[in-house]
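Undergrad: Please see the structure below; I have some questions.
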Amino acid sequence: MYFCCNGGRVKVGSFSSYEIARSGLYVSERGLFVTGHNISNVNTPGYVRQQAIMQTSPYHTISVGANLMQVGTGADIQQTRQIRHIFLDNMYRRESTTLGYWKAKSETLQDIEAILAEPFGDGFQSVINQFWDSWQELSKDPQSLTIRALVRQRSESLVSHVNHIGQQLDALQRNINLQIVDCINEVNDIAAQIAKLNAEIVKYEATGDSANDYRDQRNLLVDKLCSLVDADVTEMPDGQLAITIGGYFIVNRDKTTSLYEAKSHNDNRISVPLLEGTDMQVPLKNGMIKGLMDSNDVINDIRNRLNYLIKSIADEVNKLHKSGKTLDVPPEDGSDFFVPENPSIPIEMGNLKLNSIFYGDDGLNKIVTSVNGESGDNSIALQIANIRHAEIMHDGGNVFSIDGYYQDIILKVGNYGAEASQIYGNQQKLVQSADANRQAIAGVSMDEEMARMMKYKFSYDASSRVINIIDDMIETIILRMGLVGR
């Protein structure tokens with residue numbers, strides 16, 4: 001076989017044509033392999049489609065007299081690259097971090113609304129109204145043992161409901177702390193897996209191999225991590241990742257620093273993440289763990305407000321009840337109506353009960369309705385019934401009645417819950433949109449892969465035909481050349 005140049009002829013070995021055709025078979029086969037790999041992983045979570053990047057093999061330069069001529073040598077695979085967009089990945093992760101935060105806040109506020117059972121009419125407001133109403137009824141007939149029994153029963157209901165709310169808030173907070181622990185453990189587990197994948201990736205890619213599937217696994221783990229915490233992710237020149245949270249490394253190449261759970265210095269009912277080997281709290285700004293921590297703050301705020309309300313009710317009722325006389329003969333001084341279950345700590349939700357003196361044989365007579373024990377005197381009962389309207393509750397610069405203060409609590413919880421639910425819903429849409437944008441680039445399209453598959457098939461078939469034709473030509477040279485005319 002000959003290539004002509006300026007009238008000269010340069011002999012090039014026939015078998016070099018085999019190599020050119022063979023390279024066509026090779027690149028078509030590799031392209032088909034990558035396409036098949038994409039199709040096989042169309043439903044694999046975190047998979048990013050790959051593409052075989054082909055290039056012309058280096059030319060051979062041949063000297064022909066005073067001239068130079070380049071002779072092609074076929075094609076080769078430059079790399080098998082992932083088709084992903086780092087900017088879209090980062091956008092998805094930022095939105096996912098915010099989604100995790102508002103998911104935790106929204107769910108907690110929904111739980112608080114369910115605990116208070118407002119505004120469905122069977123919550124605290126209904127119970128406290130019945131309590132005031134029973135005293136109002138007693139003021140109409142102070143000597144009635146039936147109504148006194150009603151006051152005791154409504155008071156028991158109030159105590160039971162208040163303590164139950166406290167127990168439910170405590171249980172909710174314990175559950176949130178368990179979620180924080182689970183999330184911290186998940187962060188540590190993800191960090192360990194990323195560090196291990198860092199080592200695998202740098203090992204494979206140092207020899208020129210592709211570690212795309214390992215990179216997919218690692219990126220999926222980073223996605224999960226960013227829903228939990230606001231992590232900063234940096235890829236090193238050698239392909240390894242360094243990940244920091246609040247400025248502290250949790251992954252640095254193949255090394256990790258774990259987080260652990262501890263109780264807050266300010267409130268031992270709240271769990272917070274600390275850095276391994278230190279007593280430093282990790283400063284989180286976003287993510288599910290931060291949302292859970294802020295949810296704990298919301299619970300504490302609601303608990304403090306309700307405790308203030310309950311203690312104010314108990315103090316006001318006790319003050320009036322102790323200022324009068326019982327129906328006993330002779331009349332006795334009134335006693336505290338509400339008392340703490342545990343006398344060593346103040347009255348609060350979970351630590352409230354009705355004074356046990358109201359349960360004796362003459363316990364109903366111990367309920368005070370009058371100033372001096374005279375028959376028909378209802379002054380104390382009427383004053384207790386009217387506590388609901390007294391503006392004795394202070395919140396900043398505002399003054400509320402008992403009912404007004406509780407309604408303000410419910411209004412705040414409702415507004416916070418509605419706001420959190422709306423932001424959470426909007427954030428879900430943003431995350432879905434960000435994911436759709438990156439999947440449009442990184443996701444596997446069956447239509448595109450089928451088109452590539454046919455392209456590689458035709459290319460493979462054509463290269464095969466080139467080899468067959470070269471084979472026929474060589475056969476002619478070997479078996480037939482020189483036989484003409486014999």
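FYI, it's all coordinate maths here, none of it is from the lab. Everything numeric here is computed off the predicted structure, so don't read it as measured data. In this analysis, Cβ positions are derived from the backbone assuming ideal geometry, glycine residues included, and neighbour counts consider all displayed protein chains.
Undergrad: Among 265, 450, 411, flag the residue with its Cα farthest along the positive direction of the charge dipole of the chain, charges on Cβ as +1 for Lys/Arg and -1 for Asp/Glu.
TA: 450
Undergrad: May I pose another question? Please return the longest stretch of the chain lacking exposed loop sites, where chymotrypsin sites (Phe, Trp or Tyr not before Pro) count only if DSSP places them in a loop and at most 12 other Cβ atoms lie within 10 Å.
TA: 121-486
Undergrad: Continuing with the same structure: Computed from the coordinates I sent, Kirkwood radius over Cα pairs in Å equals one of (1) 29.8; (2) 27.3; (3) 28.8. Tell me the label.
TA: Step by step, Kirkwood radius over Cα pairs in Å for this structure corresponds to label (1).
Undergrad: Residue separation times 0.36 nm, minus the C-alpha to C-alpha distance between residue 394 and residue 262: what's the value?
TA: Taking 0.36 nm per residue and subtracting the Cα distance, the gain is 44.1 nm.
Undergrad: Rank by packing, highest mean first: peptides 388-398, 261-271, with packing defined as the count of other Cβ atoms within 10 Å averaged across residues.
TA: By packing density, highest mean first, the sequence is 261-271, 388-398.
Undergrad: A follow-up question, please. Specify the angular offset, from 0 to 90 degrees and rounded to the nearest 10, of the alpha carbon long axis of helix 212-228 from the longest principal axis of the alpha carbons in the chain.
TA: Between the helix axis and the principal axis of the chain, the angle is about 20 degrees.
Undergrad: Please list 165-171, 294-300 highest first by mean number of surrounding beta-carbon atoms within 10 Å per residue.
TA: Put in order of decreasing packing, that is 294-300, 165-171.
Undergrad: What list of ³J(HN,Hα) values in whole Hz, one per residue of segment 176-184 in order, does the Karplus curve 6.51 cos²θ - 1.76 cosθ + 1.60 (θ = phi - 60°) give from phi, with Gly and Pro shown as x?
TA: Running phi through 6.51 cos²θ - 1.76 cosθ + 1.60 with θ = phi - 60° gives 5, 4, 5, 5, 4, 4, 4, 5, 4 Hz.
Undergrad: Continuing with the same structure: By how many degrees, 0 to 90 and rounded to 10, does the Cα axis of helix 15-40 deviate from the longest principal axis of the chain?
TA: Computed tilt is about 20 degrees.
Undergrad: Angle, helix 86-116 long axis vs. longest principal axis of the chain, Cα atoms, 0 to 90°, nearest 10?
TA: On a 0 to 90 degree scale, this one is about 20.
Undergrad: From the square roots a ≥ b ≥ c of the eigenvalues of the alpha-carbon gyration tensor of segment 11-84, which class results: rounded (a/c under 1.5), prolate (a/b over b/c), or oblate?
TA: oblate
Undergrad: Quick one: which of 105/311; 322/366; 203/255; 140/353; 140/366 span more than 20 angstrom between C-alpha atoms?
TA: Distance filter (> 20 Å) returns 105/311; 140/353.
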